[in-house]
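Trainee: Have a look at the structure that comes next, please.
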Amino acid sequence: MRQSNYYVILFSVILTVVLGGLLAATSEGLGPIQQKSIELDTKKQILGAVMEVTAEMDVIETYGKAIKSEVTDYEGNIVAENEKGEKIVAEDVSVEKQYKKAPEERLYPVFKYYGKDGGEEIESYILPVYGSGLWDNIWGYIALDTEGKTIKGAVFAHAGETPGLGARITEDQVQARFEGKKLYNDQGELVSVKMLKGESNPESKLDEHHVDGMSGATITGNGLNDMLENYFKHYQSYFNKKGATATL
Amino acid sequence: MSTETVDKPVKKDSEALFSKRRKKIVTDPLNDDNPITIQVLGICSALAVTTQMKPTMVMSIAVIFVIVFSNLTISLIRKLIPNRVRIIVQLAVIATLVTLVNEVLQAFAYDMYKELSVFVGLIITNCIIMGRLEAFALANKPYDSILDGLGSGLGYAWIILAVAFFRELFGSGAIFGFEVFEAIGFSADGWVGFDYQANGIMVTPVGAFFILGLIIWVQRNKTGYVEN
């Protein structure tokens, strides 16, 4: 009986239904909590580019006060509505989905930081970046000064980099290396900021366009470099337009 | 799968909750029959996750959870499982439990989820778990199977935690992220006068092989275990 084909098929079907149901129920039940975790995590990352996010901090509240956002296109024009006339909210723009499109067709969210308690003046621009690491995608948020030329802070995250190696891009110590680095050289050309191969590189190599690498994670580092360079390029016209209107 | 033979169920009418035999089920895999060092199973994850203590800790808990509950589940339905599809059934149960762990981590410990989801997914292929299902849970009662899962899970956990301890200590100079060497004076201002130079090999899986090899050496020296 236990070996007959009917029994095997029946058993498999019941097992599949039971296990599948269990998984579906869990996913359904935990879905909203997961969604909240992701949202909170994104806001934490955005704020993390400009300030230290502590465990006690009310991230949602601080975010509401400190950040105003807008969306721009490749030419640097502000996009307020989509084709259907619906309002576009920068926080709802999935950088991951945009990343799959051609750079010219993407929407680029910009998060403007007005100081911890929300002042009058913009203190820095926070740009989302997205790219590929060694195993999976990596992303991050880069805070630039008001001219869009100097990095004020950076946070990175990843989907599947090796813990202790590539995954170290999430460490404060690694992210802090980017602070104060410059995107443009003296001639005004975009040279971006590059992470070097190997760790503990001598001081002489670490000029204002280079940061120390992570040993054993060169490919993640290269991915990081490409990601930064690409997105700095994509956001260039946004800042150029900003500069043009400021001088008018 | 496992190289062992199927453990024979022992029948007794009323056995103490923690009888000698049951204690042995739990304690055996900790040392004499350790899944990693004696049976040499689960090496893959022992190399992969052990660069730091914290993820290793979460991985240990996840594996113990999965192994205990998959052992229990399989043991409960052991008389219903058709022999010909038993491996698939075992895999389905393990995969379900692993997915549950992943979902729970994603909801309640998002930071950990980000760090570990790759490896949590790989618990499915951890031979220790399937090995225990095949070798023990299919032939034993639920309570014994829980104990067996607990024993094997703990046996796995203490080894990977030991490996992670040395790898994080020498590879990053820290334990649970706490900079040990800096605290005892390895810094420019400390009495040593220079920073601790991290041992790069400890960060790579090769370092785990060395540590694991040393642990196996010491352990087999003590227990007198010889492979035949």
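Trainee: If I take R0 = 30 Å and measure r between the Cβ atoms of B:Leu91 and B:Trp158 in this structure, what FRET efficiency does the formula 1/(1 + (r/R0)^6) give, to the nearest 0.05?
Mentor: 0.70
Trainee: Let me ask something else. Using only Cα atoms, what is the ratio of the radius of gyration of the protein assembly as shown to 2.2 N^0.38 Å?
Mentor: Taking the Cα Rg and dividing by 2.2 N^0.38 Å, one obtains 1.17.
Trainee: May I pose another question? Once you average over the residues of B:198-211, how many Cβ atoms of partner chains fall within 10 Å of each Cβ?
Mentor: Rounded to a whole number, the mean comes out at 2.
Trainee: What's the FRET efficiency of A:Ser200 with A:Tyr114 using the Cβ-Cβ distance as r and R₀ = 51 Å, to the nearest 0.05?
Mentor: FRET efficiency, A:Ser200 to A:Tyr114: 0.85.
Trainee: Any idea what angle helix A:5-48 forms with the longest principal axis of chain A, computed on alpha-carbon atoms, 0 to 90 degrees, nearest 10?
Mentor: Taking the Cα atoms of chain A, the angle to A:5-48 is about 20 degrees.
Trainee: Okay, moving on. Treat each spin label as a single point 7 Å out from the Cα along the C-beta direction, and report the A:Ser94 to A:Val191 distance in nm.
Mentor: 3.9 nm
Trainee: Ok, one more. With 10 Å bins from zero, work out the P(r) of the range B:39-222 over every alpha carbon pair and list the percent per bin.
Mentor: With 10 Å bins starting at 0, P(r) equals 10, 31, 30, 18, 7, 3, 1.
Trainee: Among A:Tyr74, A:Tyr125, A:Val89, flag the residue with its Cα farthest along the positive direction of the charge dipole of the range A:39-133, charges on Cβ as +1 for Lys/Arg and -1 for Asp/Glu.
Mentor: A:Tyr74
Trainee: From the P(r) of the range A:42-247, could you give the percentage of C-alpha pairs in the tail past 24 Å?
Mentor: In whole percent, the long-distance tail amounts to 40.
Trainee: Which of the residue pairs A:Lys152/A:Lys241; A:Lys65/A:Lys149; A:Lys149/A:Lys197; A:Lys44/A:Lys205; A:Lys87/A:Lys241 have a Cα-Cα distance greater than 27 Å in the structure shown?
Mentor: Long pairs (Cα-Cα over 27 Å): A:Lys44/A:Lys205.
Trainee: To continue, here is another question. I want to make sure I understand the PRE zone here: with the label point 7 angstrom from the Cα of B:Arg220 toward its beta carbon, which residues in the range B:16-41 have backbone N atoms less than 15 Å away?
Mentor: Within reach of a label on B:Arg220, which here means backbone N under 15 Å from a point 7 Å along Cα→Cβ, the range B:16-41 contributes B:32-41.
Trainee: At A:Ile122 and B:Arg21, where each label point lies 7 Å from the Cα along Cα→Cβ, what is the point-to-point distance in nanometres?
Mentor: It works out to 7.5 nm between the two label points.
Trainee: Name the helices (complete DSSP H segments) of chain B with a Cα length along the long axis of 27 Å or more and a Kyte-Doolittle mean of at least 0.0, or state none. Provide the component values of the computation, followed by the final result.
Mentor: Details: long enough: B:53-76 (34 Å, 1.78); B:86-108 (33 Å, 1.65); B:142-172 (42 Å, 0.84).
Span-like helices, by this rule, are B:53-76, B:86-108, B:142-172.
Trainee: Separate question: Placing one identical point scatterer on every Cα of the range B:147-228 and ignoring solvent, what is log10 I(q)/I(0) from the Debye formula at q = 0.18, 0.19 Å⁻¹?
Mentor: -0.85, -0.89
Trainee: Hey, another quick one. For the range A:1-156, would you read off the P(r) tail past 29 Å as a percentage of all alpha carbon pairs?
Mentor: Roughly 36 percent, rounded to a whole number.
Trainee: Just counting partner chain Cβ atoms within 10 Å, what average do the residues of peptide B:45-56 show around their Cβ?
Mentor: Working: counts 0, 0, 0, 3, 3, 2, 7, 3, 0, 1, 3, 1.
For this peptide, the per-residue mean of nearby foreign Cβ atoms is 2.
Trainee: A follow-up question, please. Could you tally up the Lys pairs in chain B with alpha carbons closer than 18 Å? Skip any pair fewer than 8 positions apart unless they're on separate chains.
Mentor: Pairs that pass both the separation and distance tests number 19.
Trainee: Another question, then. Using 1/(1 + (r/R0)^6) with R0 = 35 angstrom and r between the beta carbons of B:Val180 and B:Ile124, what's the FRET efficiency to the nearest 0.05?
Mentor: 0.50
Trainee: Ranking request for peptides B:202-208, A:23-29, A:137-143: highest mean number of other beta-carbon atoms within 10 Å first, then the rest in descending order.
Mentor: Ranking, from highest mean packing down: A:137-143, B:202-208, A:23-29.
Trainee: Among DSSP bridges having both ends in the protein assembly as shown, what percentage is antiparallel? Round to the nearest 5.
Mentor: If I count the DSSP bridges inside the protein assembly as shown, around 95 percent turn out antiparallel.
Trainee: A follow-up question, please. Report, as an integer, the average count of C-beta atoms from other chains found within 10 Å of each Cβ along A:152-164.
Mentor: Taking the mean over all residues of the peptide, I get 4.
Trainee: With +1 on each Lys and Arg Cβ and -1 on each Asp and Glu Cβ, and nothing else charged, work out how big the dipole of the range B:16-95 is about its Cα centre, in Debye to the nearest 20.
Mentor: It comes to approximately 420 debye.
Since every read-out is calculated from the coordinates, none of them should be taken as a lab result. No experiment lies behind these values; they were computed from the predicted model shown. Positions of Cβ are generated from backbone atoms using ideal geometry, with glycine treated the same way; all protein chains shown enter the neighbour counts.
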